[in-house]
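A.B. asks: I have a structure here, written as structure tokens, and I will follow up with some questions on it.
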Amino acid sequence: MTAFFGRLWIDANIAISFLREGRVQSLMITLGVAIGVAVIIFITALIQGLQTNLIESTLGSQAHIRLVAPDEVNLIAPSAEDTLQLIQEDKRPQRLRSINNWQQITDTLDQLPLLTAVSPNVSGPGFVRRGEALESVILVGTDLARYQNIIPLDEYLISGELRVGADNVLIGSELAKDLGVEVGSKLRLDTGQDSSPSNNLSNNLGSNLNNNSAVVNIAGIFELGVRELDARYVYLDLKQAQSLLNLPGGITVIDLTVEDIFEAEEIAAQVGRLTSLQAESWIQTNAQLLSGLTAQSLSSNMIVVFVAISVAFGIASVLSVSVVQRTREIGILRAMGATRQQILRIFLIQGAIFGLLGSIVGSGVSYILVWSFNTFGPDIFTIPISINLILVTMSLATLTGVIAAAIPARRAAALDPVVAIRYV
């Protein structure tokens with residue numbers, strides 16, 4: 001082993017001496033490699049930062065997986081064996097209904113290691129009225145302690161307090177603007193259902209006329225960053241939402257989060273089979289976003305490949321010229337006892353040196369580019385630059401240098417020493 005490293009050290013010194021003799025060429029190809037590495041690191045970091053920002057913007061306002069009750073379907077009586085039955089079926093309208101045994105389902109989901117948060121909610125349509133203004137909204141009744149693990153509302157709160165219950169609600173910034181309200185203002189919530197005894201037979205059992213309407217106080221105003229959500233979402237206490245939506249003790253959706261968001265589709269399928277509920281992941285509801293992310297990753301990979309090919313051709317061309325210029329020296333080394341493997345190693349080491357030095361300089365340049373973007377850029381998002389990305393790129397550049405040097409190295413090792421010494 002010691003002898004091997006000794007020979008490697010000698011070969012490295014010879015390779016460095018060859019590079020010193022061609023300083024200008026070595027400097028130019030090193031700068032070329034540095035530029036290629038800087039482009040690879042900056043573009044990759046830029047795409048990763050953009051994708052992270054898009055995912056955070058999308059998933060910051062929604063759960064990774066949603067569980068709802070299966071759709072209601074028409075029950076069709078079976079026909080006799082000797083009867084041909086032609087059916088014209090209208091799909092059954094889906095009413096707002098609770099998930100059966102949701103407490104037991106929630107307890108089961110809490111025990112699953114695949115899930116990081118579980119939040120049962122009741123959600124349904126309603127209206128908000130203030131004076132002559134009337135807006136359609138989505139009422140979301142929730143347990144804030146659980147829901148905070150799904151969507152951190154405290155991070156999106158722009159005024160007031162994060163508080164629901166006792167007729168306190170949270171509304172979006174766009175809805176507050178449309179209604180001209182602020183923290184402390186009063187609103188009337190209405191689900192739009194006719195609960196009068198004459199029109200609703202179930203109310204004859206003792207329902208209160210005002211069960212579907214309530215005057216509430218605005219405790220806080222949030223801004224999720226999605227205009228549609230900020231204009232429609234109203235968060236209130238779980239029990240109050242159940243009362244307004246005529247679902248006493250019921251919930252309509254169970255929100256879930258997972259550790260790896262890109263495994264949400266597979267986990268949703270597993271949870272759906274376990275609970276017999278309809279499971280929908282963020283990947284299904286944001287198919288266009290996923291297609292965009294895939295296209296961005298593909299374009300980034302293509303840039304990396306073409307830049308690596310350009311760097312490889314640059315290193316190969318310089319070393320090919322070096323073989324021609326060093327033909328006499330190669331012949332002398334071969335006459336002095338240098339083996340073909342040693343000549344091969346000398347030029348492979350040169351390629352590795354080009355790749356390594358260029359990647360070191362390129363990493364420094366890319367860090368300056370990233371810092372400039374984060375400091376003087378559009379301030380839409382920041383570009384993260386990880387040590388893993390730099391190490392992988394440096395390894396790729398060094399390996400590319402070795403591969404690019406393979407053909408010139410084989411050509412140098414194949415030179416006949418007698419012919420090479422007589423070469424002028």
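The values are calculated or read from the model by the stated rules, or taken from the named source; none is laboratory data. Just so you know, these numbers come straight off a predicted model, no measurement behind them. All Cβ positions, glycine included, derive from the backbone under ideal geometry; neighbour counts span all protein chains shown. Remember, those area values only see protein heavy atoms, side chains included, never the ligands or the DNA or RNA. Shrake-Rupley method; radii C 1.70, N 1.55, O 1.52, S 1.80 Å.
A.B. asks: Being open to solvent by 70 Å² or more (accessible area, probe 1.4 Å), within 16 Å of Lys186 (Cα to Cα) and of a type in the set (A, V, I, L, M) is the filter here; which residues of the range 137-171 pass it?
C.D. replies: Ala166 - this is the single residue of the range 137-171 that is open to solvent by 70 Å² or more (accessible area, probe 1.4 Å), within 16 Å of Lys186 (Cα to Cα) and of a type in the set (A, V, I, L, M).
A.B. asks: I need a count of the residues in the range 258-293 that are hydroxyl-bearing (Ser, Thr, Tyr), outside any helix (DSSP H, G or I) and on the phi < 0 side of the Ramachandran plot.
C.D. replies: Looking only at that region, the number is 1.
A.B. asks: Every residue in the range 253-277 that is touching a Ser or Thr at 6+ places or on another chain (Cβ under 7 Å) and surrounded by 14 or more Cβ atoms within 10 Å (Cβ to Cβ), please.
C.D. replies: Of everything in the range 253-277, those that are touching a Ser or Thr at 6+ places or on another chain (Cβ under 7 Å) and surrounded by 14 or more Cβ atoms within 10 Å (Cβ to Cβ) turn out to be Val253, Ile254, Asp255, Thr257, Val258, Ala264, Glu265, Ala268.
A.B. asks: Still on this structure: In the range 47-106, what residues are open to solvent by 70 Å² or more (accessible area, probe 1.4 Å) and in a helix (DSSP H, G or I)?
C.D. replies: Gln48, Glu56, Gln103, Gln104
A.B. asks: Based on this model, can you work out whether Pro384 counts as open to solvent by less than 80 Å² (accessible area, probe 1.4 Å), outside any helix (DSSP H, G or I) and within 30 Å of Ala45 (Cβ to Cβ)?
C.D. replies: Yes; evaluated as a whole, the condition is true for this residue.
A.B. asks: Pull out all pairs, ordered by first then second residue, where Cβ-Cβ is under 9 Å, the residues are six or more apart or on different chains, the first lies in the range 90-118 and is free of Cβ contacts under 8 Å to residues at least 60 places away in the same chain and more than 25 Å from Gly60 (Cα to Cα), and the second is open to solvent by 90 Å² or more (accessible area, probe 1.4 Å) and of a type outside the set (D, E, K, R).
C.D. replies: What qualifies is Lys91/Val73; Arg92/Val73.
Each row is one residue, and each column tells you yes or no for (1) free of Cβ contacts under 8 Å to residues at least 12 places away in the same chain; (2) in a helix (DSSP H, G or I).
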{"position": "Leu256", "(1), (2)": "no, no"}
{"position": "Ser299", "(1), (2)": "no, yes"}
{"position": "Met302", "(1), (2)": "yes, yes"}
{"position": "Ala312", "(1), (2)": "no, yes"}
{"position": "Leu333", "(1), (2)": "no, yes"}
{"position": "Ile343", "(1), (2)": "no, yes"}
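A.B. asks: Let me ask another. Out of all the residues in the range 231-252, which are open to solvent by 70 Å² or more (accessible area, probe 1.4 Å) and within 17 Å of Gly60 (Cα to Cα)?
C.D. replies: If the condition is that a residue be open to solvent by 70 Å² or more (accessible area, probe 1.4 Å) and within 17 Å of Gly60 (Cα to Cα), then Arg232 is the only one that fits.
A.B. asks: Something else about it: Within the range 336-368, can you find the residues that are open to solvent by 70 Å² or more (accessible area, probe 1.4 Å) and farther than 15 Å from Ile29 by Cα?
C.D. replies: Correct list: Met336, Arg340, Gln341, Tyr367, Ile368.
A.B. asks: Can you find a residue that is buried (at least 16 other Cβ atoms within 10 Å of the Cβ), at pLDDT below 90 and β-branched (Val, Ile, Thr) anywhere in the range 182-193?
C.D. replies: yes
A.B. asks: Also, I was wondering about something else. Could you tell me which residue of the range 387-419 is modelled with the highest pLDDT, considering only residues that are more than 26 Å from Ile29 (Cα to Cα) and assigned to a helix (DSSP H, G or I)?
C.D. replies: Only one residue fits best here, namely Pro417.
A.B. asks: While we're on this one: Does Ala264 satisfy the criteria of being within 26 Å of the chain's Cα centre (by Cα) and of a type outside the set (Lys, Arg)?
C.D. replies: yes
A.B. asks: Within the range 214-243, track down each residue that is out of contact with any helix residue (DSSP H, G or I) (no Cβ under 7 Å at 6 or more places or on another chain) and in a helix (DSSP H, G or I).
C.D. replies: Within the range 214-243, Glu228, Leu229, Leu238, Lys239, Gln240, Ala241, Gln242, Ser243 meet the criteria.
A.B. asks: (1) buried (at least 19 other Cβ atoms within 10 Å of the Cβ); (2) of a type outside the set (Asp, Glu); (3) modelled with pLDDT of 80 or more: which one isn't true of Asn212, the others all being true?
C.D. replies: All conditions pass for Asn212, except number (3).
A.B. asks: For the structure I just gave you, tell me whether Ser322 is touching a Pro at 6+ places or on another chain (Cβ under 9 Å) and surrounded by 17 or more Cβ atoms within 10 Å (Cβ to Cβ).
C.D. replies: For Ser322, the condition - touching a Pro at 6+ places or on another chain (Cβ under 9 Å) and surrounded by 17 or more Cβ atoms within 10 Å (Cβ to Cβ) - is met.
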